[in-house]
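A.B. asks: Structure incoming, see below.
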Amino acid sequence: MNGPNTQDPQAATKTVADSQVEVTQLMRPQQGNFAGNSVGTSSMQVGISVIAEDPRSPDSERRTTRSFFTMVALDDDGNALSVPRLQCETAEDHKWQCEAELRRSLRKEFNERLATGICR
């Protein structure tokens, strides 16, 4: 484990909760049918949810994690491939697309600020 470590030997016995994942890098191409929240020229932002349940309790399903991945369409040679534009049909579709565009804008700003060496 990297980074600061606790001096409390009892810390390993305490309950902890994940609050946010800063960066996730996918190491291999993912295949499947995905519903995009926003579509670019060759990429789409895909929302992924994790559902947890208590096997002892029916009707205990709840969403515990929500994350967004940018997936790039690739041809058989691994080159970026154009994807069709997203057709928003409902108010919820438009909301998801607006939120996806905001996340993209914030991510670009974040990466640009990091590139300037702001934390040196």
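Laboratory data are not the source of any read-out in this text; all were calculated from the coordinates shown. Keep in mind that what you see is a predicted model, and the values were worked out from it rather than measured. Glycine gets a Cβ as well: all are built from the backbone with ideal geometry, and neighbour counts include every protein chain shown.
A.B. asks: Just to verify a result, which residue in region 82-120, among those that are surrounded by 14 or more Cβ atoms within 10 Å (Cβ to Cβ) and without any contact (Cβ under 8 Å) to a residue 40 or more places away in the chain, is nearest to A52 (Cα to Cα)?
C.D. replies: D93
A.B. asks: So which of S57, S67 ends up being assigned to a strand (DSSP E or B) and at negative phi?
C.D. replies: The conditions single out S67.
A.B. asks: So for region 77-91 (the condition being over 13 Å from G36 (Cα atoms) and assigned to a helix (DSSP H, G or I)), does at least one residue qualify?
C.D. replies: Checked region 77-91: at least one residue is over 13 Å from G36 (Cα atoms) and assigned to a helix (DSSP H, G or I).
A.B. asks: Right, here's the next one. Being among the small types (G, A, S), surrounded by 10 or more Cβ atoms within 10 Å (Cβ to Cβ), free of Cβ contacts under 8 Å to residues at least 60 places away in the same chain and more than 28 Å from S105 (Cβ to Cβ): is that true of A52 here? Outline the logic, then answer.
C.D. replies: Values: among the small types (G, A, S): yes; surrounded by 10 or more Cβ atoms within 10 Å (Cβ to Cβ): yes; free of Cβ contacts under 8 Å to residues at least 60 places away in the same chain: yes; more than 28 Å from S105 (Cβ to Cβ): yes.
Yes; evaluated as a whole, the condition is true for this residue.
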